[in-house]
Amino acid sequence: MNVEIAASAASAIARSVLAPAAADNDKQGRVSTEALQELGNAGLLGLMLPEDGGGAALGPRALADVIAALAVVD
């Protein structure tokens, strides 16, 4: 995985999982466990972990890009 792939995957999850439920989640003060599951399935929860620890070892740039992609919709 590289930075562009990580950001693209996050954008897809944001559009398909976060966006449809964002208003209801905000009203309920709820964290989207569905989005967390999808982020984990996509390997995005371990972006900054070293590869030998099961992560992607991409660093803070990738993390910032993923957070930005998610923040656009939620």
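Can you report the number of residues in region 51-74 which are in contact (Cβ under 8 Å) with a residue 12 or more places away in the chain, more than 18 Å from residue 17 (Cα to Cα) and assigned to a helix (DSSP H, G or I)?
4
Determine whether residue 40 is of a type outside the set (A, V, I, L, M, F, W, C) and surrounded by 12 or more Cβ atoms within 10 Å (Cβ to Cβ).
Criteria not met by residue 40.
Consider residue 54 carefully, then state whether it is open to solvent by 40 Å² or more (accessible area, probe 1.4 Å) and more than 19 Å from residue 5 (Cβ to Cβ).
no
Which of the residues that make up region 10-34 are free of Cβ contacts under 8 Å to residues at least 40 places away in the same chain and either in a loop (DSSP other than H, G, I, E, B) or under 15 Å from residue 68 (Cα atoms) (or both)?
Across region 10-34, the qualifying residues are 12, 29, 30, 31.
Out of all the residues in region 16-32, which are under 14 Å from the mean Cα position of the chain (by Cα) and either under 15 Å from residue 3 (Cα atoms) or open to solvent by 90 Å² or more (accessible area, probe 1.4 Å) (or both)?
Within region 16-32, 31 is the sole residue that qualifies.
For the list (1) among the hydrophobic types (A, V, I, L, M, F, W, C); (2) surrounded by fewer than 19 Cβ atoms within 10 Å (Cβ to Cβ); (3) assigned to a helix (DSSP H, G or I), I need the number of the one condition that residue 48 fails.
(3)
The values are calculated or read from the model by the stated rules, or taken from the named source; none is laboratory data. Note that this is a predicted model, so its numbers are computed, not measured. Counting neighbours? That spans all protein chains shown, and the Cβs are built from the backbone with ideal geometry, glycine included. Each accessible area value is taken on the protein alone, full model and side chains, heavy atoms only, with ligands, DNA and RNA left out. Shrake-Rupley method; radii C 1.70, N 1.55, O 1.52, S 1.80 Å.
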